[in-house]
Amino acid sequence: MIAAPTRTLAPQARLVWGAGQVGLWGALTVAAVMVAQLDEVGWWPVLVAVAGLVVCVPLVPIVRWRRWRWDVQEPGIDIRHGLFSVRQTLVPWVRVQHVETRKGVLEQALDLATVVVHTAAGSHTIPLLAEKDAEELRDRIAELARTDPDA
């Protein structure tokens, strides 16, 4: 039995996810105001959208960050995440085909990067790591996948 993953994402991940929540709930609030202007629906959609804005913008990023865990262990890469439903994935070393780092615009501004591990069945990501940590993780995964004794 392997230990649960313990490593966390960069603290700035909360800013990235918070910006996403502001965009989502802000757009829904604007749409709700437009719908409420029709006068047939009333103002309840605006109240729901504003409630989502007030509750989800501060809460969702914190919960996501606390639940996101990953680790590099003997059998492979262990990833656990999820807001309501927690998903845990173990990527065995023998399945790793290649690994890369990606940086979006917001990630570049915050010196973050995402590690993407590719297998024949698809890909798995460890998002929003400090750029240096992501590069070290990418290199470590590549080395461990290459030196697997069963390969």
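No lab work stands behind these numbers, since they all come straight from the coordinates. Computed from a predicted model, the values in this text were never measured in an experiment. Cβ sites come from the backbone with ideal geometry, for glycine too, and all protein chains shown count toward neighbours.
Remarks
- Normalised convex hull volume, the stretch 11-151, alpha-carbon set, Å³ per residue: 125 Å³
- Toward the positive end of the charge dipole of the chain, with +1 on the Cβ of Lys and Arg and -1 on the Cβ of Asp and Glu, the farthest Cα among THR8, GLY76, VAL86 is that of VAL86.
- Taking only the alpha carbons of the stretch 40-112, we obtain Rg and Dmax values of 18.6, 61 Å in that order.
- Helix-only CD estimate at 222 nm, as mean residue ellipticity for the chain, using -39500 (n - 2.57) per DSSP H run (n ≥ 4): -15500 deg cm²/dmol
- For the chain, the membrane-span-like helices by this rule, meaning whole DSSP H stretches whose C-alpha atoms cover at least 20 Å of axis and whose Kyte-Doolittle mean is 0.0 or above, are 13-36, 44-67; this says nothing about an actual membrane.
- Of the Cα atoms belonging to the stretch 1-42, the radius of gyration and Dmax stand at 18.9, 60 Å.
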